[in-house]
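Worksheet: the structure to be examined is printed underneath.
The values are calculated or read from the model by the stated rules, or taken from the named source; none is laboratory data. In this text, all values refer to a predicted model and were calculated from it rather than measured experimentally. Using ideal geometry, Cβ is built from the backbone for each residue, glycine included, and neighbour counts are taken over all protein chains shown. Ligands, DNA and RNA are excluded from the accessible area calculation, which covers all protein heavy atoms including side chains. Shrake-Rupley method; radii C 1.70, N 1.55, O 1.52, S 1.80 Å.
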Amino acid sequence: MKKRIALSVLLLLASTTAFAHAGHVHTYMGTVTMLHSSTQFMMKTTDGKDLTIDTTPKTSWLHADGHTATMSELAVGSRVVVKMNIDGKTAASVKMSAPEKK
């Protein structure tokens with residue numbers, strides 16, 4: 001009986017985690033560490049993870065003050081907030097600060 005209850009709980013938890021982020025828009029904050037191409041850059045998130053961000057022509061670019069920006073203004077050292085599309089593969093928007101002065 002105890003094995004059956006434990007198995008039921010395990011299956012319930014496994015099935016809920018599989019659908020936990022379906023359709024959820026992820027937001028990442030961090031610093032740009034590398035520019036790969038005209039549609040891709042790498043960032044280090046605030047929790048220390050390295051992410052490669054893919055952009056599309058539909059990705060919106062903004063400065064932190066809300067003014068329109070372009071990808072060409074993105075530089076290594078820029079602080080960014082990236083909101084991903086629901087598909088989780090491409091960025092819906094990138095909000096950037098001025099690059100850090102060295």
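Taking region 52-74 as the range and being surrounded by 17 or more Cβ atoms within 10 Å (Cβ to Cβ) and assigned to a strand (DSSP E or B) as the test, the residues that pass are Ile53, Trp61. All conditions but one from (1) farther than 15 Å from Gly88 by Cβ; (2) modelled with pLDDT of 95 or more apply to Thr68; the one that does not is (2).
Annotation note: of Gly77, Gly88, the sole residue that is among the small types (Gly, Ala, Ser), in contact with a Ser or Thr (Cβ under 9 Å, 6 or more places away or on another chain), part of a loop (DSSP other than H, G, I, E, B) and open to solvent by less than 80 Å² (accessible area, probe 1.4 Å) is Gly77. Scanning region 1-51 for residues being at pLDDT below 95, touching an Asp or Glu at 6+ places or on another chain (Cβ under 8 Å) and open to solvent by 70 Å² or more (accessible area, probe 1.4 Å) gives a total of 0. Condition first: free of Cβ contacts under 8 Å to residues at least 40 places away in the same chain and assigned to a loop (DSSP other than H, G, I, E, B). Now tell me which residues in region 24-50 satisfy that. Scanning region 24-50 gives Ser38, Thr39, Thr46, Asp47, Gly48, Lys49. Of all residue pairs spaced 6 or more apart or on separate chains, those with beta-carbon atoms under 6 Å, a first member in region 63-85 that is without any contact (Cβ under 8 Å) to a residue 24 or more places away in the chain and a second member that is surrounded by 13 or more Cβ atoms within 10 Å (Cβ to Cβ) and not small (Gly, Ala, Ser) are Thr70/Trp61.
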